[in-house]
Amino acid sequence: MDFHIRKGVDIRLAGTAKEEIQNFASSRFLICPTDFRWLKPRLLIAPGSSVNVGTPLFCSKEDERIVIVSPVQGEVMEVIRGNHRAIEAIVIQADSSPITFANVSFPEPTNSSEIAELLISNGLWPFLRQRPFATIPTPDTRPKALFVSCFDSAPLAPNFGILLKGKEEYFHEGIRRLHQLVGKDCPVHLCLPKGRSNQLFESVEEVKLHYFDGPHPAGNVGTQIHRIAPIDKGETIWFIHPQDVATIGRFFLTHELSFEKRIALTGPCAENPCYYTFPYGTDLSALLNCETTNAQVRKISGNVLTGNQLTKYNTLRFYDTQLTLLPEGGERKLLGWLLPNFKKWSLSHTFLSWLFQHHIFAHNTSLQGGRRNFVMTDVYEKVFPFEILPLQLMKACLTEDIEQMEELGIYEVDDEDFALCEVVCPSKMECQKIIREGLYKIKMENQA
Amino acid sequence: MNILTQLSDKISHHFEKGKPLYCFYALYDAIDTFLLTPSEVTSGGSHIRDAVDMKRIMITVMIALCPALFFGMWNIGVQHFLSLGENATFWRCFGYGFLKWLPLVMVTYFSGLTIEVIFAQHRGHQVAEGFFVTGFLIPMIMPPDVPLWIVAIATAFSVLFAKEVFGGTGYNFLNPALIARAFVFFAYPSVISGDAVWISESADAVSGATPLALVMNDATAQMPSFLDMFIGTIPGCIGETSKICIIIGAILLLYTQVASWRIMLSVVVGGWITGTLFHAAGMCPITGWQHLLMGGFLFGAVFMATDPVTATHTQAGKWIYGLLIGILAIVIRVINKGYPEGMMLAILLMNIFAPLIDYCIVKIKIRKRKINISKHKILL
């Protein structure tokens with residue numbers, strides 16, 4: 001089925017990754033439990049213990065079956081704790097040439113529960129996430145549908161063709177196994193970009209193919225779910241990144257457990273934007289040091305809309321496939337709010353630069369104004385392709401009106417769906433934070 | 001600019017919490033961010049932001065008001081010298097009007113901003129830009145000779161009781177500029193109603209009746225031509241007389257998408273239809289489109305009804321809100337001869353009903369969402 005997304009915007013930035021894949025290796029690995037939303041970790045190893053690829057490092061306190069495993073063979077050097085002794089990172093020191101895969105022998109799984117068991121015990125289960133809440137699903141549950149968004153429309157997003165280059169077979173196997181996992185009655189939806197080469201995805205069998213065109217957030221799984229199978233209270237939908245599908249496929253096809261992933265180094269400050277391959281958790285300090293000579297650069301795990309700023313630990317988040325280097329802003333301009341400005345990017349027609357949306361503007365991290373209360377009312381709708389009232393939903397979240405949040409459709413959205421609202425907000429609201437906190441509130445309410 | 005940045009860096013720490021000048025932080029911050037864009041960077045969430053901010057939006061509204069304001073200043077002079085039977089040059093008229101307007105706007109800003117700054121300081125907030133537009137609007141909807149102390153009290157009343165008690169800009173449910181006018185209208189009716197107040201310092205023998213008052217008193221014969229009303233060379237409030245200048249402002253607001261086209265269009269449509277119906281029923285001597293050219297209808301439709309905070313927040317709600325403003329304004333005009341201009345009261349009344357309209361629209365949306373989800377379930 002074809003879907004046309006009308007509302008949204010493609011923000012153009014300099015520093016698209018070249019189609020060139022390089023390797024990067026580091027012997028230091030940092031595994032951060034904060035990568036997993038609202039997961040309360042229980043440590044399963046102690047500093048000094050040696051680990052292999054697939055050795056559980058910590059599990060979820062809520063469901064001890066959900067484990068996060070080591071992506072490398074080595075020794076646990078340190079467990080860094082922050083406020084209230086919360087685990088911030090587990091530091092693993094590998095050999096100088098790290099071993100990043102393990103051979104696992106297992107009998108051919110025949111049913112859904114056996115596949116689930118294999119995914120759980122080998123630490124592959126966390127690749128799956130569920131909506132609502134974007135958390136790791138409970139192993140006993142099954143979703144109403146599984147979504148795989150086969151393109152990313154965010155600024156400077158990696159090309160999935162390159163992410164999956166050489167992994168085509170794994171991807172097919174992964175989809176087959178996931179289909180087996182969720183059951184025959186549960187559809188697997190592959191969402192593809194319209195008008196681009198999708199050979200790899202179109203050759204997958206027993207899935208439903210959907211084509212999306214239009215600006216960002218057409219590639220967001222939230223947008224796709226909303227169009228294809230909107231979530232009602234009590235329902236869950238699973239989603240997974242295609243590269244993680246390939247990782248699961250490789251495990252079943254070759255019995256090799258590897259957490260290697262391909263990522264795109266992008267952004268206006270990246271001196272050599274290209275693709276890199278390394279295992280999850282790799283300490284990227286060396287790579288970032290040689291890429292950024294300037295201290296006034298923000299290192300972002302993910303894209304500029306939803307990514308996390310890297311401050312203490314230079315490692316990519318578990319689910320991210322992109323690293324963005326963005327110049328820091330904060331420069332003060334005389335009467336900047338008054339002058340007609342062609343150089344500043346704006347979707348608002350109060351600047352003439354809105355006429356040149358195809359230009360690449362020099363973006364930086366400046367907030368571009370002061371924080372205010374909600375004043376303007378029509379701005380969010382222009383970039384929010386949901387049949388949901390964004391302003392009213394945010395206000396319901398702020399007032400913690402659980403009933404109103406549910407009725408307005410909070411279960412269908414995640415903070416990333418409000419990223420563009422946050423970008424265009426003239427009151428400089430933190431829309432993503434508002435929604436995330438609303439979701440947390442509702443999750444706690446449902447658990448109580 | 002570097003000097004300014006350095007100066008700002010040098011003195012900013014004196015205004016931090018715990019320092020002796022902290023009590024002036026809100027004022028310092030307002031001046032500082034007025035001159036130089038803030039240095040704050042994004043933290044979490046989206047790392048890049050649109051260049052637009054509330055200052056940019058408010059200055060756009062003020063620029064849109066300028067044609068009507070400049071014309072209004074000139075018109076005050078024209079009406080004044082005309083009533084005295086004197087011939088005056090363009091600059092003399094403009095200068096006269098400017099000197100009438102300047103004290104009004106100064107008093108408005110002084111009175112309103114003082115309260116705004118005190119509240120911002122008390123709450124630990126930054127001074128919101130909303131008042132820049134409110135303070136600009138208030139003199140434009142007052143008669144030229146309104147006593148300054150009345151303007152000061154009206155502004156203080158509106159800022160305090162229409163805005164700050166509810167939490168400041170963004171939380172108010174009534175348009176503060178209109179509340180200031182309504183305050184004068186009900187507390188000091190003699191300075192804002194009747195025939196004598198619309199021409200500045202006019203000769204006693206000259207009637208300064210506005211066209212609307214003439215129509216309502218069945219004196220249509222004395223009315224100025226509709227071309228005069230369109231251009232604006234008639235007695236009235238400072239900003240409301242020139243329809244062509246208001247239309248220029250409206251075009252700017254619509255182009256920049258600062259004001260809602262839905263509201264503007266629906267107010268005009270509502271007013272036009274109601275005016276036409278009254279005319280057809282023989283209750284009013286002028287037709288629908290003539291109503292639009294009279295009084296503050298157009299000014300209200302373009303600059304007052306479109307206030308995003310006090311209008312409805314849902315898109316469908318904006319249609320209903322606008323239509324009802326247009327209808328009510330003409331109903332008040334035609335049926336109640338005591339209030340020749342109904343726009344102010346119509347907008348204020350609909351400001352009160354806006355949350356109710358939104359409530360209904362949200363409920364309808366919720367129902368539609370439920371139906372949509374159940375449809376998808378059937379499809380799956």
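Things worth noting here:
- Here the helices (runs of 4 or more DSSP H) wholly within region A:108-188 that include at least 1 residues being among the hydroxyl-bearing types (Ser, Thr, Tyr) are A:112-121, A:168-182.
Here is a yes/no grid of residues against (1) at the interface with chain B (Cβ under 7 Å from one of its Cβ atoms); (2) more than 22 Å from A:Pro155 (Cβ to Cβ); (3) buried (at least 18 other Cβ atoms within 10 Å of the Cβ); (4) touching a residue at least 12 places away in the same chain (Cβ under 8 Å):
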| position | (1), (2), (3), (4) |
| --- | --- |
| A:Lys344 | yes, no, yes, yes |
| A:Thr365 | yes, no, yes, yes |
| A:Thr377 | yes, yes, yes, yes |
| A:Lys382 | no, no, no, yes |
| A:Pro390 | no, no, yes, yes |
| A:Leu398 | no, yes, no, yes |
| A:Ile402 | no, yes, no, yes |
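- Applying a threshold of 6 Å to beta carbon distances and a minimum spacing of six or more residues, or different chains, the list of pairs starting in region A:223-250 at a residue that is under 27 Å from A:Ile162 (Cα atoms) and ending at one that is among the acidic types (Asp, Glu) and assigned to a helix (DSSP H, G or I) reads A:Gly249/A:Glu173.
- Criterion: away from chain A (no Cβ under 14 Å) and in contact with a helix residue (DSSP H, G or I) (Cβ under 9 Å, 6 or more places away or on another chain) - qualifying residue of B:Cys360, B:Cys284: B:Cys284
- On the stretch given as region A:317-339, residues that are surrounded by 19 or more Cβ atoms within 10 Å (Cβ to Cβ), closer than 28 Å to A:Ala264 by Cα and within 7 Å of chain B (Cβ to nearest Cβ) total 2.
- Screening region B:240-316 for helices (runs of 4 or more DSSP H) wholly inside it with 2 or more residues that are in the same structural domain as B:Tyr171 (by TED's automatic domain parsing), surrounded by fewer than 21 Cβ atoms within 10 Å (Cβ to Cβ) and of a type in the set (Val, Ile, Thr) returns the ranges B:243-255.
- Here A:Ser97 meets each of (1) touching a residue at least 40 places away in the same chain (Cβ under 8 Å); (2) among the polar types (S, T, N, Q); (3) surrounded by 12 or more Cβ atoms within 10 Å (Cβ to Cβ) with one exception, condition (3).
- Residue pairs meeting the criteria (Cβ under 6 Å; at least 6 apart or on separate chains; first crowded, with 20+ Cβ neighbours inside 10 Å, in region A:287-313; second assigned to a helix (DSSP H, G or I) and modelled with pLDDT of 90 or more): A:Leu305/A:Ala419; A:Thr306/A:Glu416; A:Thr306/A:Ala419
- The residues of region B:124-179 that are at positive phi and either of a type in the set (Val, Ile, Thr) or surrounded by fewer than 19 Cβ atoms within 10 Å (Cβ to Cβ) (or both), listed by number, are B:Gly124, B:Gly167, B:Gly170.
- Restricting region A:145-181 to residues that are in contact with a strand residue (DSSP E or B) (Cβ under 6 Å, 6 or more places away or on another chain) and within 14 Å of chain B (Cβ to nearest Cβ), the residue that is farthest from A:Asn111 (Cα to Cα) is A:Leu156.
- Counting only helices (runs of 4 or more DSSP H) that sit wholly inside region B:56-161, those with at least 2 residues that are closer than 19 Å to B:Thr241 by Cβ are B:90-123, B:130-140.
- Every residue from region A:346-357 that is within 11 Å of chain B (Cβ to nearest Cβ) and either outside any loop (DSSP other than H, G, I, E, B) or within 30 Å of A:Glu88 (Cβ to Cβ) (or both): A:Leu352, A:Ser353, A:Trp354
- Any hit, region B:105-118, residues being free of Cβ contacts under 8 Å to residues at least 60 places away in the same chain, surrounded by fewer than 20 Cβ atoms within 10 Å (Cβ to Cβ), among the hydrophobic types (A, V, I, L, M, F, W, C) and under 21 Å from B:Ile199 (Cβ atoms): yes
- Applying the condition of being β-branched (Val, Ile, Thr) and within 17 Å of B:Ala354 (Cα to Cα) to region B:139-186 and asking which residue is farthest from the other protein chains (Cβ to nearest Cβ) yields B:Ile179.
- 3 or more residues within 14 Å of chain B (Cβ to nearest Cβ): qualifying helices (runs of 4 or more DSSP H) within region A:215-313: A:221-228
The values are calculated or read from the model by the stated rules, or taken from the named source; none is laboratory data. Keep in mind that this is a model prediction, so the values were computed, not measured. Using ideal geometry, Cβ is built from the backbone for each residue, glycine included, and neighbour counts are taken over all protein chains shown.
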